[in-house]
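In what follows, a structure is listed as structure tokens, so that the remarks can point back to it.
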Amino acid sequence: MSAPPAPWRAPPTSDGLITYDELRLAARNPGTPGEALALDITPVGLHYVLTRFDIPLIDPATWRLTVDGLVDRPLALSLDDIRRLPATTLTVTMECSGNGRAGMTPRPLGIPWLGDAVGTAEWTGAQLRDVLAQAGLRPGIAELSFTGADYGIERGYATAFIRALTPQDALRPEVLLVYAMNGQSLPPQHGAPLRLIVPGWYGMASVKWLMRIRALDQPVQAYHQRIGYHFRAPGSQTAIPIRHMRPRALMVPPGHPDFFSRRRHVAAGRVRLQGRAWSGSGIAVTRVLVSAAGGADGSWRDAALGASVGPYAWRGWTFDWQAAPGTYELCCRATDALGVSQPLDPPFDAGGMGNNAIQRVAVVVD
């Protein structure tokens, strides 16, 4: 950071049309098409992308990962060094913490995600704790910082993208240093040559284009750790760090669309609805409800849950709807093993974070 931390100020909000700056951000950061929710694993080319600054184009032959700070043996590891470590492959659902921002009223300015900033991939890499064991962590470490090669200016701060984990979180066996996605080398937009994957957390924790890991005796003061990525209720001075994903269900768009409005059209009769549901921190989704009446009381029915594709991944659901001619608003709602359910309406947040309100899909039965 080029300046000391300052009080965070919410950006102006917009109740009207998408601004030009938001449109430009949306064009650079594509979401996952709803059709891809029919697949257990999201193909690389359909998985959502969020790049805050520019995509660094890094030569893997000369790239090195630096590990320093409060360690016994500072490291400068090549990609081959990391590939020689025991490999782990995990299926992980990743979601942007700003997913659903466009559904908030008034709308906080930012990437106007509609709910499509989520995908599930098979990530392959070394366990972070194996690299930290090579370096030898010293006592008294407060946090480990993870620095990406992407660099820019955000709210007046010139900064690299830097996130932090406590030693306890960093040493969890599911936290990986990843060099492959769905069996292929990482593409540039997904963090090549190496990225961090922190399963169960929102995507901001999984730093891309990883260049440096540093063990520190003080909490990390970087912008995206101490100022950005916090929940902030309107008018409140309290900021809560964003960590684990909230429960959520999404529906594969049924039938076929109107080109411009994307309103769905289906034929009368039995319609098989399907989708995906997930939660964070390895907590399973245990129930998905479906409504054809906009979530009105008494309209919810249980969907059938499919098998999970991994402890940190979404699971499928299906529901057979007997559709009579008319106009409907289909909704789906997930509940996790802790009993936490999605809210019916978007919870407002000053930064547009954490909107896991139920999905609403307009459908015409012909």
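The values are calculated or read from the model by the stated rules, or taken from the named source; none is laboratory data. Everything quoted here is computed from the prediction, not taken from an experiment. So basically every Cβ, Gly included, is an ideal-geometry build from the backbone, and we count neighbours across all protein chains shown.
Numbers at a glance
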| item | result |
| --- | --- |
| Filtered residue count, segment 195-224, keeping only those that are of a type in the set (A, V, I, L, M, F, W, C), under 12 Å from residue 147 (Cβ atoms) and part of a loop (DSSP other than H, G, I, E, B) | 4 |
| Among (1) surrounded by 15 or more Cβ atoms within 10 Å (Cβ to Cβ); (2) more than 26 Å from residue 113 (Cα to Cα) - the single one residue 299 does not satisfy | (1) |
| Failed criterion for residue 208 (all others in (1) touching a residue at least 60 places away in the same chain (Cβ under 8 Å); (2) out of contact with any Lys or Arg (no Cβ under 8 Å at 6 or more places or on another chain) hold) | (2) |
| Residue check for residue 243: touching a Leu at 6+ places or on another chain (Cβ under 8 Å) and basic (Lys, Arg) | no |
| Failed item in (1) surrounded by fewer than 21 Cβ atoms within 10 Å (Cβ to Cβ); (2) farther than 17 Å from residue 340 by Cα, with residue 275 passing the rest | (1) |
| Count - residues of segment 163-194 that are farther than 16 Å from residue 128 by Cβ and assigned to a strand (DSSP E or B) | 3 |
| Options 160, 149, 135: the member that is buried (at least 19 other Cβ atoms within 10 Å of the Cβ), in the same structural domain as residue 231 (by TED's automatic domain parsing), within 16 Å of residue 221 (Cα to Cα) and small (Gly, Ala, Ser) | 160 |
| Within segment 319-335, tally of residues that are β-branched (Val, Ile, Thr) and under 25 Å from residue 200 (Cβ atoms) | 1 |
| Check on residue 257, assigned by TED's automatic domain parsing to the domain that holds residue 330, crowded, with 17+ Cβ neighbours inside 10 Å, modelled with pLDDT of 95 or more and closer than 26 Å to residue 33 by Cβ | no |
| Tally, over segment 24-83, of residues that are in a strand (DSSP E or B) and surrounded by 13 or more Cβ atoms within 10 Å (Cβ to Cβ) | 8 |
| Selection from segment 84-102 of residues that are more than 21 Å from residue 40 (Cα to Cα) and assigned to a strand (DSSP E or B) | 87 |
| Check on residue 285, surrounded by 13 or more Cβ atoms within 10 Å (Cβ to Cβ), under 20 Å from residue 91 (Cβ atoms), in contact (Cβ under 8 Å) with a residue 60 or more places away in the chain and of a type in the set (Val, Ile, Thr) | no |
| In segment 294-313, the residues that are in contact (Cβ under 8 Å) with a residue 12 or more places away in the chain, part of a loop (DSSP other than H, G, I, E, B) and among the hydrophobic types (A, V, I, L, M, F, W, C) | 300, 303, 309, 313 |
| Identity of the residue in segment 103-134, of a type in the set (A, V, I, L, M) and either outside any helix (DSSP H, G or I) or touching a Pro at 6+ places or on another chain (Cβ under 7 Å) (or both), that ends up nearest to residue 181 (Cα to Cα) | 121 |
| Subset of segment 227-254 that is of a type in the set (D, E, K, R) and at pLDDT 95 or above - its residue that is nearest to residue 198 (Cα to Cα) | 243 |
| Residues within segment 86-115 that are touching a Cys at 6+ places or on another chain (Cβ under 9 Å) and surrounded by 24 or more Cβ atoms within 10 Å (Cβ to Cβ), tallied | 1 |
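This table checks each residue for (1) in contact with a helix residue (DSSP H, G or I) (Cβ under 8 Å, 6 or more places away or on another chain); (2) of a type in the set (Ser, Thr, Tyr).
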position: 195; (1), (2): no, no
position: 205; (1), (2): no, no
position: 211; (1), (2): no, no
position: 223; (1), (2): no, yes
position: 232; (1), (2): no, no
position: 236; (1), (2): no, yes
position: 241; (1), (2): no, no
position: 250; (1), (2): yes, no
position: 253; (1), (2): yes, no
